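Shown next, in structure tokens, is the structure this report addresses.
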Amino acid sequence: MATARDDVKTSLTGQHNHKKNVHISEERAEIIEIVEKHGPLYNAIPCMPLPVAVFCCVFNIVIPGFGTLISAFTVLCGAKTKFQSTCTALGLNILTALLQMASFIIIVGWVWSIIWGMNFVQISMPTSDSQRIPYYVRRQSSVE
């Protein structure tokens, strides 16, 4: 039989059998950590030096897909991706560039290309745990 505490945990996690990092205390529920899952095209984005990422972002804005095509070849120059295989990352980036160029006609490719360019810059920005701003929701009481 499910208790009220189990119901709160189920409503926060969304499903009964999937685990998420949720801590339940007596007064409130707190989300400890959120892990984002990305698809294979996003995971193939290389972590380039910041000037190269900005250069590819600008090219993606001006000529959709061209900056993505340039970034595909940075994988051959040693840029790291989340894939172990360089060939897989290269192929997925070339596929992404071709899809962006092909769908430019219906504006989708241009928007996708701009977003991809912003991802280049975001992934290449140096971040450390001390620089990250924690993401949490704080509940404040109106009565002090």
Restricting attention to region 82-110, which residues are within 17 Å of Cys57 (Cα to Cα), touching a residue at least 24 places away in the same chain (Cβ under 8 Å) and β-branched (Val, Ile, Thr)?
Ile94, Thr96
Against the definition (open to solvent by 40 Å² or more (accessible area, probe 1.4 Å) and either modelled with pLDDT of 90 or more or aliphatic (A, V, I, L, M) (or both)), how does Ile45 come out, yes or no?
no
Does region 32-41 contain any residue that is at pLDDT below 95 and part of a helix (DSSP H, G or I)?
yes
Determine if region 73-84 includes at least one residue that is part of a helix (DSSP H, G or I) and open to solvent by 80 Å² or more (accessible area, probe 1.4 Å).
yes
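The values are calculated or read from the model by the stated rules, or taken from the named source; none is laboratory data. Computed from a predicted structure; not experimentally measured. Quick reminder, even Gly has a Cβ in these numbers, built from the backbone with ideal geometry, and neighbours come from all protein chains shown. All accessible areas refer to the heavy atoms of the entire protein, side chains included, with ligands and DNA or RNA removed. Shrake-Rupley method; radii C 1.70, N 1.55, O 1.52, S 1.80 Å.
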